[in-house]
Amino acid sequence: MSDTKPWYQEAVFFELNIRAYRDSDGDGNGDFRGAITKLDHIKSLGVDCIWVQPMYPSPLRDDGYDVADYTGIHTDFGTLDDFRAFLDAAHARGLRVIIDVVMNHCSIDHPWFQAARADRNSPYRDYFVWSDTPEKYKEARIIFLDTEPSNWTYDTVAGQYFWHRFYSSQPDLNYDNPAVHEEMFNVLRFWLDMGIDGFRADAVPYLYEREGTNCENLPETHVFLKAVRRLLDAEYPGRVLIAEANQWPEDLLPYFGDGDEFQVCFHFPIMPRLYMALKRGDKTPIIDILNRTPPIPPGTQWMTFLRNHDELTLEMVTPEERQWMWEQYAPELRMRLNLGIRRRLMPLLDDDRRRWLALNALFLSLPGTPILYYGDEIGMGDNIWLEDRHGCRTPMQWSAERHAGFSEAARTYQPVIDQPPYDYRTRNAAAQEADPDSYLNLTRFLIATRQGQPALRAGALAWVETSDAAVLAFRRMTEGAPAVLCLFNLSDSVRPGLALPADMRDLLSREGRVFAAKQQIELAPFAAHWFVEEA
Ligand code: GLC
């Protein structure tokens with residue numbers, strides 16, 4: 001059967017923080033030369049595409065999402081030549097590479113802002129959003145609630161307030177100014193000309209401001225984003241544009257346009273509901289949100305994730321659900337940040353292997369293109385004593401050597417995790433390489449198994465009724481390939497499962513165990529099965 005699906009619809013992605021991965025020059029920061037030496041590890045996971053987080057020159061007040069130069073590389077991470085070498089080395093291994101593009105805002109250190117604040121008559125003044133009073137756009141919510149009292153900050157040099165949806169060190173760019181569009185188009189071209197495979201577009205709902213609105217998802221924003229897509233299609237066909245828009249499914253739909261805006265959007269609302277369902281032993285939140293998710297245009301795809309570099313966001317749940325999630329998953333106040341939880345995957349699951357397996361198997365069998373966060377493949381921990389979201393961005397734990405084999409420096413940019421059970425001396429890639437049942441090898445097994453089934457890669461989903469709220473079952477189906485029946489026990493007690501319609505092989509049992517038709521299956525606590533009909 002000829003398969004004409006675009007590559008990103010069936011891929012698995014990997015989120016890479018260059019600073020955290022491997023330091024090649026002993027300055028305590030990961031860099032592109034170091035990451036090149038670890039590409040074989042990334043490739044071995046079975047992923048297809050790497051998302052490189054911001055690597056631009058930046059004062060790093062928001063870990064690089066505060067860009068001071070859109071066409072350079074931060075000296076901590078290397079040079080443009082190092083970036084090119086990384087790109088070539090990835091491509092040579094059949095790995096694609098996308099980068100973050102931060103269009104909504106830049107750093108106050110960016111020369112545009114420096115020129116704008118210094119001179120009212122500078123052409124750059126109008127690159128930003130100014131006001132004499134902090135009274136405009138009152139209906140826009142504050143996103144970084146724990147640190148920012150307002151979306152306006154008074155700049156004494158400029159003698160006016162400037163608008164910012166995130167940190168006050170990140171002024172928003174003014175998309176009412178066509179010159180800003182041209183600047184961004186040229187930034188995109190710069191990287192696309194170098195050969196990157198696309199962008200993860202940061203914080204796209206907030207590009208425009210309009211009085212009387214919440215300044216999110218405005219029609220003007222979609223007009224601009226469609227122009228971005230036209231540029232890609234016309235000049236760089238085959239490259240992908242992925243939206244980071246933390247919104248409800250119905251508000252996300254316009255980001256796909258009629259297939260003429262983003263090809264891929266992160267599905268934010270499903271994520272907290274996976275954790276909710278697992279803790280409650282109740283599938284309802286998952287079913288409800290997927291039933292609330294509208295069909296998307298041909299050629300587009302959702303992107304799903306369990307964790308990323310940010311706090312586990314609870315923006316897309318009700319206030320009651322948020323409170324419950326905080327109580328369950330962030331009992332200590334230091335674990336909470338803004339409207340979220342700043343912990344990594346494994347600590348969220350209490351280092352419980354059964355929960356880890358169930359959640360990963362569930363995540364990898366749902367519709368959408370999955371993305372993994374570096375370190376979660378070995379069950380890395382976090383450090384809640386670090387500020388902001390840094391506790392989830394500590395050095396990758398490669399080995400039991402000093403600094404976890406991450407760096408030969410005296411000091412690293414953040415300390416490695418050295419507390420049990422996530423201590424690098426016991427939890428590291430080298431140790432797990434040798435153990436067939438390690439998280440690392442299970443991750444590889446799960447991804448390879450998923451990617452081996454066209455129905456799991458991009459098939460349709462149909463719920464299978466079960467009378468038990470803890471037992472989640474669905475079928476994934478696509479033409480010309482076997483259907484996969486996915487069955488999960490979300491609770492920590494033994495549950496009666498289904499009677500299988502035919503003799504079926506469990507893809508998740510590494511011995512290829514076959515279950516006979518019509519027999520009631522008994523589901524172990526947190527059991528996960530992917531069944532295909534036995535030929
Ligand atoms: C996105 C990034 C986050 C950053 C914010 C502002 O949400 O994921 O890390 O702080 O944008 O750029």
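What to note about this one:
- Considering each residue of the range 201-220 in turn, none proves to be in contact (Cβ under 8 Å) with a residue 12 or more places away in the chain and under 18 Å from Pro6 (Cα atoms).
- Which listed residue is of a type in the set (S, T, N, Q) and closer than 18 Å to Leu372 by Cα, from Thr466, Thr478, Thr443: Thr443
- When Arg344, Arg280 are checked against the criterion of being at pLDDT 95 or above and farther than 19 Å from Leu446 by Cβ, a single residue qualifies: Arg280.
- Picking from residues in the range 96-125 that are surrounded by 15 or more Cβ atoms within 10 Å (Cβ to Cβ) and away from the ligand (no atom under 16 Å from the Cβ), the one that is nearest to the chain's Cα centre (by Cα) is Val97.
- Residue satisfying all of: in the range 167-203; in contact with a His (Cβ under 6 Å, 6 or more places away or on another chain) and outside any strand (DSSP E or B); farthest from the ligand (Cβ to nearest atom) among these: Pro171
- Of all residues in the range 432-454, those being more than 20 Å from Met396 (Cα to Cα), surrounded by fewer than 19 Cβ atoms within 10 Å (Cβ to Cβ) and in contact with an Asp or Glu (Cβ under 9 Å, 6 or more places away or on another chain) number 1.
- Residues within the range 137-172 that are surrounded by fewer than 17 Cβ atoms within 10 Å (Cβ to Cβ) and of a type outside the set (Gly, Ala, Ser), tallied: 11
- Within the range 254-273, restricting attention to residues that are farther than 29 Å from Leu348 by Cβ and touching a residue at least 40 places away in the same chain (Cβ under 8 Å), the residue that is farthest from the ligand (Cβ to nearest atom) is Gly259.
- Selection of first residues in the range 54-82 that are over 11 Å from Ile18 (Cβ atoms) and assigned to a loop (DSSP other than H, G, I, E, B) and of second residues that are more than 14 Å from the ligand (Cβ to nearest atom) and β-branched (Val, Ile, Thr), restricted to Cβ pairs under 6 Å at least 6 apart or on distinct chains, gives the following pairs, ordered by first then second residue: Tyr70/Val187; Thr79/Ile73.
- Unmet criterion (only one of (1) surrounded by 23 or more Cβ atoms within 10 Å (Cβ to Cβ); (2) assigned to a loop (DSSP other than H, G, I, E, B); (3) in contact with a Leu (Cβ under 7 Å, 6 or more places away or on another chain)) for Ile50: (2)
- Selection of the range 147-166 for residues being over 23 Å from the mean Cα position of the chain (by Cα), charged (D, E, K, R) and either closer than 22 Å to Ile99 by Cβ or away from the ligand (no atom under 16 Å from the Cβ) (or both) yields only Asp155.
- Selection from the range 204-224 of residues that are within 16 Å of the ligand (Cβ to nearest atom) and outside any loop (DSSP other than H, G, I, E, B): Val204, Pro205, Tyr206, Thr221
- Any chance Asp62 is more than 16 Å from the ligand (Cβ to nearest atom), over 18 Å from Leu440 (Cα atoms), buried (at least 20 other Cβ atoms within 10 Å of the Cβ) and within 21 Å of the chain's Cα centre (by Cα): no
- Yes/no for Ile287 being out of contact with any helix residue (DSSP H, G or I) (no Cβ under 6 Å at 6 or more places or on another chain), touching a residue at least 40 places away in the same chain (Cβ under 8 Å), within 22 Å of Val67 (Cα to Cα) and among the β-branched types (Val, Ile, Thr): no
- Restricting the range 127-146 to residues that are away from the ligand (no atom under 16 Å from the Cβ) and charged (D, E, K, R), the residue that is farthest from Gly212 (Cα to Cα) is Asp132.
Listed here are the residues, each with its yes/no results for (1) within 16 Å of the ligand (Cβ to nearest atom); (2) in a helix (DSSP H, G or I).
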residue: Gln328; (1), (2): no, yes
residue: Pro331; (1), (2): no, no
residue: Met346; (1), (2): no, yes
residue: Arg355; (1), (2): no, yes
residue: Ala358; (1), (2): no, yes
residue: Leu362; (1), (2): no, yes
residue: Ile384; (1), (2): no, no
residue: Gly391; (1), (2): yes, yes
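- Residue list for the range 1-31, restricted to those being among the aromatic types (Phe, Trp, Tyr), closer than 22 Å to Gly391 by Cα and assigned to a helix (DSSP H, G or I): Tyr21
- Selection count where residues are of a type in the set (Phe, Trp, Tyr) and in a loop (DSSP other than H, G, I, E, B), scope the range 144-162: 1
- Cβ separations smaller than 6 Å between residues 6+ apart or across chains give the following pairs from the range 173-185 residues that are within 16 Å of Glu235 (Cα to Cα) to residues that are at pLDDT 95 or above and buried (at least 20 other Cβ atoms within 10 Å of the Cβ): Met184/Met103.
Quick grid of which residues meet (1) over 22 Å from the mean Cα position of the chain (by Cα); (2) on the phi > 0 side of the Ramachandran plot; (3) modelled with pLDDT under 95; (4) within 16 Å of the ligand (Cβ to nearest atom):
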| residue | (1), (2), (3), (4) |
| --- | --- |
| Ala20 | no, no, no, yes |
| Asp31 | no, no, no, no |
| Lys38 | no, no, no, no |
| Trp51 | no, no, no, yes |
| Tyr56 | no, no, no, yes |
| Asp66 | no, no, no, yes |
| Tyr70 | no, no, no, yes |
| Leu80 | yes, no, no, no |
| Asp88 | yes, no, no, no |
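- Filter result for Phe113 (under 22 Å from Asp388 (Cβ atoms) and part of a loop (DSSP other than H, G, I, E, B)): no
- Single condition Gly26 does not satisfy, out of (1) farther than 22 Å from Phe363 by Cβ; (2) surrounded by 23 or more Cβ atoms within 10 Å (Cβ to Cβ): (2)
- Unique match (being modelled with pLDDT of 95 or more, closer than 22 Å to Asp352 by Cα and touching a helix residue (DSSP H, G or I) at 6+ places or on another chain (Cβ under 8 Å)) among Leu487, Leu461, Leu472: Leu472
The values are calculated or read from the model by the stated rules, or taken from the named source; none is laboratory data. Note that the coordinates shown come from a computational prediction; the quantities given were computed from them, not determined experimentally. Glycine gets a Cβ as well: all are built from the backbone with ideal geometry, and neighbour counts include every protein chain shown.
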